[in-house]
Each structure stands twice: as C-alpha cells, then as structure tokens.
Amino acid sequence: MKKYVLSIILIISAFYVSAVEFGGSVYNNTEFSGKSSDLKLHQQNLGSLWFRVPFNQDGTSYFSTQGTYMFKKDCDAELTVNSVNLDSMKFVFGNDVLNLSIGRFDSSDFSGLIYNQVGDGISFGYEGSAVSTSLFGCYTGLLNNQFVSIIDDEAEVDEEAFYDTAAKYIVGGASISALNILGGQVISAQFLGTVKLEDTSYNRMYVGLSSNGSISSFIYYDLSSYLSFVSFDEEDYKMGNLTKIKISLGLDSLNSELILNGTYASGDQGPFDAFQGFTSFTAVNSMEEPEYSGLIKTGMGISVNPYKSLVLQANGDVIFDAQEEIEYSGIQYDAEFGWQIKSDVYLGASITQYFDKDVSDNDKTSVRIDVLITF
C-alpha cells in the first residue's frame, strides 16, 4: 500500500515538474539627464528570474513568482544602490469566468495614475459576457521602496538600503464594468480606499467612472474621471479631481496611429483642492519632476510601425500650472525608437526635453538607451 501511494505521489510530482515554465530577462537602461549643458549619468541594470507551475491542464490555476536584482547608479545624487525585490508571488485559482489570487499581485485604477502597483493580499474577479467585477485588499508594509514609490511626505525612505520596507497601508478596491453596451462601449465604476497604519493618519478614498470604446471604425477613446477624498492627520477630508482622456486615430499609412490626450489634476479651483494620488508618478519631465497635482497636460503624439519589428514614436505636450489660477507653464516633447531585433532581444532609444516658460533652471534634457534580453 505504501509503495502504491508513493508511486502516485511520484507520478503527480513528475507531472507538475515537467509542466513548470521558467525564464528570465536582463535589462540595461543608460540615461544622461539634467541641464542640457551638464548632463549626468543615471545607470540602471536589472536581472529577473520567474517560474510558473500550473495546477490544471488549461493553466487557469497556477503558482507563479518573479524576483529581480537591481543595480542603480545616480551620478547627479552621487548614489549607488544594490537591491533585490520579490516582484510577484501568487497562487491563482480559477477558470474562464472566476479568478481568485492570493499573495503578491499588481492592481491598478482605470487611469493608471492613482494606484498602480503591487501589494500583498487577496483579489477576486468575475468575467461574464455582460458584466465584470473585481475586489481586492492588500498590505504595502512588506514592499521594497527601491521598486515602488508611495506618495507620503511623512514616510522615511533610505535611498541606499538593500531592502527598505515601504510605508504601512491597507489598500482596498472594488470595480464593476458593463461590457459591450451602446455599440461596444465599456462603462465602469470603481472605488479605492487606503488607510495608513502608522502614527500619523493619512487616509485616501477615490471614486471614479470610466468609459472606453470605438467612435468609428478607426477612432477610439478612453475617458476616466476620479474624485479624491483625502484626510491627513485627522483633518477634514479635502476633495480633488483627476480627469484623463485619450483619443486614438488609426491611420492606414505605414500602420500608424495619431493620439490626442489630456490630463487634468486639480489644484485649488472651485470645489476642488489639490489632487493627491497614492502611487508616485512623474507628470512632467522637468527638473522638479512634479506629481499629478495642480496641473493640466495636453498634447498629441504619433506612432509609426513601418516594419513589423520597428516602432517610431513622437509626442508633444503643453503644460499648464493649475495650483490656483490656470497659467501656461512650459512645453515638453519626446521621440522614441524601438527595434525588436529578435524575439528575445529589444533595443530602444529616446530623447526628452522640457522647456519652462519662466524658470530656465527647471529645463531638462534626457537621452536614454534601453536593451532588453529575455530567455
């Protein structure tokens, strides 16, 4: 009997071992940025390994994990960092309709600019033919500050640490989407809430609506708008707004796409106070590198794909200061080149410049080269 049970265990183990998927990547980012007359080196190298073990034949239930080593050198700040990170580690159980994830997973709001990061917790999703829903709750206190950045002026960050734990928050979210209505549109609603678990309270809530779909056979749009309610140190909640719109026009010439976009992050206007997100994002590529708060950014871009493995992109934005009165602040542009040399080798290059209306010390130029090798 023991031999029979052992044989079954060995057969099952052999099945799972043979089904294990694994791989990795090596990434190099070399950037020179700063004042155009005094560019400084910013070097970053990443090495990642991942593996995935399926629990069923169709692969909808599995265990997966990924880890990354990072070397970073900032010659401007005279900073050198060596760090490791557990990017993800989760058990997923589900089918084509239901999905349950437990562990470290990523989540995002519909705009991608408020909460867009990993957390440790549990998430649930349902995907039907007419409606989809999702729920998640997670904890941020075990994340590595070298790989995720939370907006919190009170949090202590050790920029040179090998592993610096992030500020302690509980984050929860829920969303519902109505699919394929009004000619293929998707209309969604979402709630996000964050509660700080450390000494000074810093609680944030976000309520948003989103709509995306096609206007015609070659025009697509994506619109989202969120109200934020933020209370710091038990003060009254202050309301802000983040609204983002993107319109894409597909063009037949050279397989290209024209993109029009605009983002409003409220300052002190009308009923609104300054908008505050949760995950840190750079809104403008200036020396100040402001967050999405008290500004308007609007512009256009074009993406051209002349060959299957080659992508050329150019974007330009006009920036307005909206801390109080709305005033023109500056302009920025970026041009990018991407070449998928082989299926596992990618080469990219870009240049970005910002020109401030009044303060030349805020002007910034960035030139970067990216190389990614996967295996």
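With respect to the stated conditions, GLY67 fails to be small (Gly, Ala, Ser), surrounded by fewer than 18 Cβ atoms within 10 Å (Cβ to Cβ) and within 30 Å of VAL207 (Cα to Cα). Based on this model, can you work out whether TYR206 counts as open to solvent by less than 20 Å² (accessible area, probe 1.4 Å) and either in contact (Cβ under 8 Å) with a residue 24 or more places away in the chain or more than 27 Å from PHE105 (Cα to Cα) (or both)? Yes, satisfied.
Is it fair to say TYR354 is open to solvent by less than 60 Å² (accessible area, probe 1.4 Å) and in contact with a Lys or Arg (Cβ under 6 Å, 6 or more places away or on another chain)? So that I can check it myself, show each step before the final result.
Numbers: open to solvent by less than 60 Å² (accessible area, probe 1.4 Å): yes; in contact with a Lys or Arg (Cβ under 6 Å, 6 or more places away or on another chain): yes.
When the stated conditions are applied, TYR354 passes them.
Could you list, in sequence order, all residues of the stretch 24-58 that are of a type in the set (D, E, K, R) and touching a residue at least 60 places away in the same chain (Cβ under 8 Å)? Passing the criteria: GLU31, LYS35.
Each residue in the stretch 307-353 was checked for being of a type in the set (Phe, Trp, Tyr) and modelled with pLDDT under 95, and 1 pass.
Looking at the structure I just gave you, is LEU242 open to solvent by less than 20 Å² (accessible area, probe 1.4 Å), in contact (Cβ under 8 Å) with a residue 24 or more places away in the chain and within 26 Å of VAL118 (Cβ to Cβ)?
On the way: open to solvent by less than 20 Å² (accessible area, probe 1.4 Å): yes; in contact (Cβ under 8 Å) with a residue 24 or more places away in the chain: yes; within 26 Å of VAL118 (Cβ to Cβ): yes.
So LEU242 fits the description; yes.
Tell me which residues, restricted to the stretch 300-322, are farther than 13 Å from LEU251 by Cβ and either touching a helix residue (DSSP H, G or I) at 6+ places or on another chain (Cβ under 7 Å) or not in a strand (DSSP E or B) (or both). Matches in the stretch 300-322: LYS308, SER309, ALA322.
Here the condition is being surrounded by 15 or more Cβ atoms within 10 Å (Cβ to Cβ) and either closer than 30 Å to SER217 by Cβ or not hydroxyl-bearing (Ser, Thr, Tyr) (or both); of VAL195, VAL81, it holds for VAL81 alone.
The values are calculated or read from the model by the stated rules, or taken from the named source; none is laboratory data. The shown structure was predicted, so the numbers you read here are calculated from the model rather than taken from an experiment. Note: ideal-geometry Cβ built from the backbone for every residue, glycine included; neighbour counts use all protein chains shown. In case anyone asks, the SASA skips ligands and DNA or RNA and just uses the protein heavy atoms, side chains included. Shrake-Rupley method; radii C 1.70, N 1.55, O 1.52, S 1.80 Å.
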